[in-house]
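Asks: Before I ask anything, here is the structure I am working with.
The values are calculated or read from the model by the stated rules, or taken from the named source; none is laboratory data. Remember, it's a predicted structure, so these values are computed and weren't measured experimentally. Here the Cβ positions follow ideal geometry from the backbone for every residue, glycine too, while neighbour counts run over all protein chains shown.
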Amino acid sequence: MELVLPKEYGYVALVLVFYCFLNFWMAAQVGRARKRFKVPYPTLYASESENKEAKLFNCVQRGHQNSLEMMPVFFMLMILGGLRHPCTCAVLGLLYTVTRFFYFKGYSTGDPQNRLTIGKYGFLALLGLMVSTISFGVSLLLS
């Protein structure tokens, strides 16, 4: 079996790298929050009994952690769905990346509900990526 990637698959690759930059930026925000709220490594989450601003730090940390948890799913759907629908997946991936930024910014306010203002639309992008990946899988089975 020979795999020939469409020229437009380059958009998929670029969106994945763009998400990596977003991830690095979120990690830097967690690092700044560690200094600001005095949460040393290797502590993953601050304890409210030891730190009066634990919730603020934990919201920054959780925003990044949730993005890390979703990253393998996002990458897998982008890589596979993009083989059949590269432009659609690139647009959906860009939408997902932008909504992840707002998800993180909203979460970082200290009110977890703020993550959903724009961030909730990222799940629509993931749903579209799932449909694209299903289409890819079905096309392989029918060829």
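Asks: Which of the residues spanning the range 1-55 are surrounded by fewer than 17 Cβ atoms within 10 Å (Cβ to Cβ) and in contact with a Cys (Cβ under 8 Å, 6 or more places away or on another chain)?
Replies: Within the range 1-55, just GLU8 meets the criteria.
Asks: Just to be sure I understand the filter: pairs with C-beta atoms under 7 Å, separated by 6 or more residues or on different chains, first member in the range 115-138 and more than 14 Å from LYS105 (Cα to Cα) and among the β-branched types (Val, Ile, Thr), second member at pLDDT 95 or above and in a helix (DSSP H, G or I). Which pairs pass?
Replies: Cβ pairs passing all conditions: THR133/LEU77; THR133/LEU80; THR133/GLY81.
Asks: How many residues are in a loop (DSSP other than H, G, I, E, B) and buried (at least 20 other Cβ atoms within 10 Å of the Cβ) if we restrict to the range 65-114?
Replies: 2
Asks: Moving on. Could you check the range 72-114 and list, in sequence order, the residues that are touching a residue at least 60 places away in the same chain (Cβ under 8 Å) and under 9 Å from LEU129 (Cα atoms)?
Replies: Listed by number, the residues that qualify are MET78, GLY82, CYS89, GLY93.
Asks: Taking the range 115-143, which residues are of a type outside the set (A, V, I, L, M, F, W, C) and assigned to a helix (DSSP H, G or I)?
Replies: ARG115, GLY119, LYS120, TYR121, GLY122, GLY128, SER132, THR133, SER135, GLY137, SER139 - these are the residues of the range 115-143 that are of a type outside the set (A, V, I, L, M, F, W, C) and assigned to a helix (DSSP H, G or I).
Asks: Out of everything in the range 1-50 that is more than 20 Å from the chain's Cα centre (by Cα) and closer than 30 Å to LEU141 by Cβ, what residue ends up being modelled with the lowest pLDDT?
Replies: MET1
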